[in-house]
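Working notes, structure below.
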There are 4 protein chains.
Amino acid sequence: MDPIQRLTEVFERFPGIGPRQARRFVQFLLSQRAGYRNDLALAIRELGAHTQQCNACFRWFVKDSQANIFCNICSNEGRDAHVLFVVEKDADIENVERSGFRGKYFVLGGTIPLATEEPEKFVRMRELVARIDADASLGKLKEVILGLSATAEGDHTRVMIAEKLRAPAEAFSLKITALGRGLSTGSELEYADPDTIASALSSRQ
Amino acid sequence: MDPIQRLTEVFERFPGIGPRQARRFVQFLLSQRAGYRNDLALAIRELGAHTQQCNACFRWFVKDSQANIFCNICSNEGRDAHVLFVVEKDADIENVERSGFRGKYFVLGGTIPLATEEPEKFVRMRELVARIDADASLGKLKEVILGLSATAEGDHTRVMIAEKLRAPAEAFSLKITALGRGLSTGSELEYADPDTIASALSSRQ
Amino acid sequence: MDPIQRLTEVFERFPGIGPRQARRFVQFLLSQRAGYRNDLALAIRELGAHTQQCNACFRWFVKDSQANIFCNICSNEGRDAHVLFVVEKDADIENVERSGFRGKYFVLGGTIPLATEEPEKFVRMRELVARIDADASLGKLKEVILGLSATAEGDHTRVMIAEKLRAPAEAFSLKITALGRGLSTGSELEYADPDTIASALSSRQ
Amino acid sequence: MDPIQRLTEVFERFPGIGPRQARRFVQFLLSQRAGYRNDLALAIRELGAHTQQCNACFRWFVKDSQANIFCNICSNEGRDAHVLFVVEKDADIENVERSGFRGKYFVLGGTIPLATEEPEKFVRMRELVARIDADASLGKLKEVILGLSATAEGDHTRVMIAEKLRAPAEAFSLKITALGRGLSTGSELEYADPDTIASALSSRQ
């Protein structure tokens, strides 16, 4: 197939990119020097060679000379191992770090669609249970925070995960918590939904 | 002045209405029957005659035959008089009611701009203190919830009001609380600001 | 019914106004002095007393002491009576005036929905034919410009009006024209639709 | 540097892509199989090897076995060589083709900023003059359509190019035209700017 068309179609699979912007990307690349394109191609091809997925939290990190299998957070003895913050995706971690959280993480890999029969295809449930078993049996873990989105699919995922974690939670006396709901920065009472107001009321202080 | 132009200018003062929409309003009115315009004029003129501002919470309500000076919430013995929910404007009350809150209200009338020297010009501070004194001296009031917007101006207003309420709060052993912050319905961790995440973490349950 | 609720419902019928903004209008009026509301009510009620619809072009204008039945454009001998610009609504006239047009106007009163059997209910077709007959029989009129929106409904209206005007156009040797299509200010070739480009090509100069 | 960070920065240089979306691209690539990344890298690297810029119109096209130096439009004897349509960028050509135009093209490569002293750095002016000289001296070319955007920068570019083409236009009796302005599909008279209405009036038919 036509290489311009082929590359356009590859870019269309990028998240949030439609046909028009995919074509603009290709035009942009055509107008760059060959050196630029070669650098980009190399960076993409070597992305895999230079990165790896953390064996503990499953986020991607850059390999270093020590051939660590754990990311810098998971291998950091100074982090609080009593709290495990379960997030949907890698990008959430950066954001939670900015809030000052200093515990550990686990990347679920997504949310569970409302209608699916196979939740395991969408999120790392088994891996999460294994991680919790391992941490808890060492007596370190006390709490698992389910940091899902405040959306229908996020709520559904939270309920299903909480169900799955009921047995280990009882076995190891773990608290399973969810992030507090309330007014988020910038919101006004007049436009808030009743659930958010009720949450903000019950978490008032 | 030209009555079309004059009415256009009156409509331009309506909240959120620019010159173009003001003109469309006038065109709309011109295209209606005279009866419609007369009904609207009557409704506007009699708005004052048929409504009054509650002497306790300052929201507007429809007069009834008993010539009450208190609105149906303030005069309702069944409402919980231990909690006073301070809101910015009338419209907030409808929304808080939908969340299931069953205490009392006070309408502040707005927020305090960051730079003003005269907060009393923007919000009913003295009236709020008077209301709290009255309720608390009867031994009913236990808590004042400052239900301000989660914005810079809302935060500023909350701080200034809390300062003003420090003396009566001590005198009557009142709790002064603020609505909980956190993820509001629909928000995702990746796009939440650090303050919201920190609040959601501290109010996790 | 509750006067607050009633006025809210009247404002909801204003063009482009939903329930929330209608409520804000009422709250805004409640917070104004009674004098302001009375002035507004008077302005609305007297709108009809001080304005009238031009007998020639059907736009609304402010009455003056001479009790004219024609608006200042229709009664202006200096305007070019050879060209009649048919517009959808009063507001279009202001905009066309800014473009420098100095002929005459006729306000159709809207567009004809695609599916209606009764076009006369939506636009002043008979009145337009009568106006054209009157002007053309005096030998003044040479051209009728159908200034409809460049939308599906505007095109449909233009076709139906042109059909209706075929007989008078032949009888009086009138040109029936439509506004040129092309790139409007601010548009780029990459985002223009094929029809617009084809029009812009055929009207290139 | 960190390969995740490096690739993020490369994607940030893509047109219309900010830091957040650049990061999402990298996360997306990390989550794909290595085979996918290798295919993408190959497609980017070989983009240059498989494409070339047309020697006549300067748009990019896919090389074929005949090692043509002209794109399929420029080498197509069936296209009308009397008209040369000057566009800003490759993507414009696809759009103009959909309008039914069947002449030839020239890709200018951009527009001339209002404040620059060096227009040659932004658009292919010399190449355009050379192309016109070549075509016109063969007696084929009759008209050059300046298909610039209907924006301030597009207008400026059109004026500067027209100035540059004045000498060849006189020498070869060429018409230099611009696309017609008017209402573009979807626009309404009430919201059109005066220039657009004036253009639509002068190109009425």
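Rounded, prolate or oblate: which fits the range D:57-205 when a ≥ b ≥ c are the square roots of the eigenvalues of the alpha-carbon gyration tensor, with rounded for a/c under 1.5 and prolate only if a/b beats b/c? In terms of gyration-tensor shape, prolate.
Dipole check for the range B:3-49: with +1 at the C-beta of Lys and Arg, -1 at the C-beta of Asp and Glu, and the Cα centre as origin, the magnitude is about 160 Debye.
Annotation: D:T151 carries an accessible surface of approximately 40 Å², with a 1.4 Å probe and no ligand, DNA or RNA atoms counted. With contacts taken as Cα pairs under 8 Å and at least 6 residues apart, the range A:74-205 reaches a relative contact order of 22 percent.
Across the identical copies, the 7 Å label point of D:G100, projected outward along Cα→Cβ, sits 3.0, 6.4, 6.8 nm from its counterparts, in ascending order. Of all DSSP beta bridges confined to chain A, the antiparallel ones make up roughly 20%. The phi-based Karplus calculation (6.51 cos²θ - 1.76 cosθ + 1.60; θ = phi - 60°) puts the 3J(HN,Hα) values of the range D:165-171 at 8, 4, 4, x, 4, 5, 4 Hz, whole numbers, x for Gly and Pro. Within the straight-line cut-off of under 17 Å between alpha carbons, the aspartates and glutamates reachable from D:K140 are D:E77, D:D80, D:E170, sequence neighbours fewer than 8 places apart in one chain being disregarded. Computed over protein heavy atoms with a 1.4 Å probe, the carbon and sulfur contribution to the accessible area of chain B reaches 49%. Distant-in-sequence amide contacts of B:Y105, defined by a placed amide H-H separation under 5 Å and a gap of 5 or more residues or a different chain, comprise B:F85. Taking amide H as placed 1.01 Å from N in the peptide plane, the amide H of B:T51 sits under 5 Å from that of B:K63, each at least 5 places away or on another chain. Would the range B:3-49 count as rounded, prolate or oblate if I go by the C-alpha gyration tensor, calling it rounded below 1.5 in a/c and otherwise prolate when a/b exceeds b/c, oblate otherwise? Because a/c hits 1.5 or more and a/b fails to exceed b/c, the range B:3-49 counts as oblate. Mind running the shape call on the protein assembly as shown? Use the C-alpha gyration tensor, a ≥ b ≥ c as the square roots of the eigenvalues: rounded below 1.5 for a/c, prolate if a/b tops b/c, oblate otherwise. Oblate, since a/c reaches 1.5 and b/c is not below a/b. Seen from C:Y191, the other residues with C-beta closer than 10 Å to its C-beta sum to a net charge of -3, counting Lys and Arg as +1 and Asp and Glu as -1.
For the pair the range B:60-133 and the range D:123-150, the centres of their Cα atoms are 73 angstrom apart.
If both residues of a DSSP beta bridge must be in the protein assembly as shown, then about 20% of such bridges are antiparallel. Close amide H pairs (under 5 Å, H built 1.01 Å from N) link C:T177 with C:V144, C:I145, C:L146, residues at least 5 positions away or on another chain.
Adding -39500 (n - 2.57) for every DSSP H run of four residues or longer, then dividing by how many residues chain C holds, sets the calculated 222 nm ellipticity at -13500 deg cm²/dmol. In nanometers and ordered shortest first, the copy-to-copy spacing of the C:R126 label point, defined 7 Å from Cα toward Cβ, is 6.6, 7.3, 7.9. May I ask which residue of C:G110, C:L189, C:L146 lies farthest towards the positive end of the charge dipole of the range C:95-191, with charges of +1 (Lys, Arg) and -1 (Asp, Glu) on Cβ and the Cα centre as origin? Final value for the positive-end residue is C:L146.
Axis between D and A by rotation; chain D residue with nearest Cβ and distance in whole Å recorded as D:A41, 2.
Among the residues of the range C:45-81, those with an accessible-area drop of 30 Å² or more from chain alone to full protein complex, heavy atoms and 1.4 Å probe, are C:R45, C:L47, C:W60, C:V62.
Placing unit charges on the Cβ atoms only, positive for Lys and Arg and negative for Asp and Glu, gives the range B:48-165 a dipole magnitude near 280 debye about its Cα centre. Heavy-atom accessible surface of A:D155, to the nearest 10 Å², is about 50 Å², with a 1.4 Å probe and all protein chains retained.
Taking 7 Å steps out from each Cα toward its Cβ at C:R126 and B:Y36 produces label points 2.1 nm apart. Here chain B is treated with +1 on each Lys and Arg Cβ and -1 on each Asp and Glu Cβ, and its dipole about the Cα centre works out to around 540 debye.
Comment: the Cα-to-Cβ extended label point of B:G78, at 7 Å, lies 5.9, 7.2, 8.2 nm from its counterparts in the other copies, nearest first. Association of chains D and C removes close to 3700 square angstrom of accessible area from solvent, both sides included, for a probe radius of 1.4 Å.
Within the full protein context, the accessible area of C:T185 is estimated at about 70 Å² for a probe radius of 1.4 Å.
Accessible surface computed residue by residue for the protein assembly as shown, with neighbouring protein chains in place and a 1.4 Å probe, gives 46 Å² per residue.
Across chain B, the longest piece that holds none of the GluC sites (Glu not before Pro) lying in DSSP loops with up to 15 other C-beta atoms within 10 Å covers B:118-205.
The values are calculated or read from the model by the stated rules, or taken from the named source; none is laboratory data. Given the structure is predicted, the values throughout are model-derived calculations rather than measurements. Backbone-built Cβ (ideal geometry, glycine too); neighbour counts: all protein chains shown. Each accessible area value is taken on the protein alone, full model and side chains, heavy atoms only, with ligands, DNA and RNA left out. Shrake-Rupley method; radii C 1.70, N 1.55, O 1.52, S 1.80 Å.
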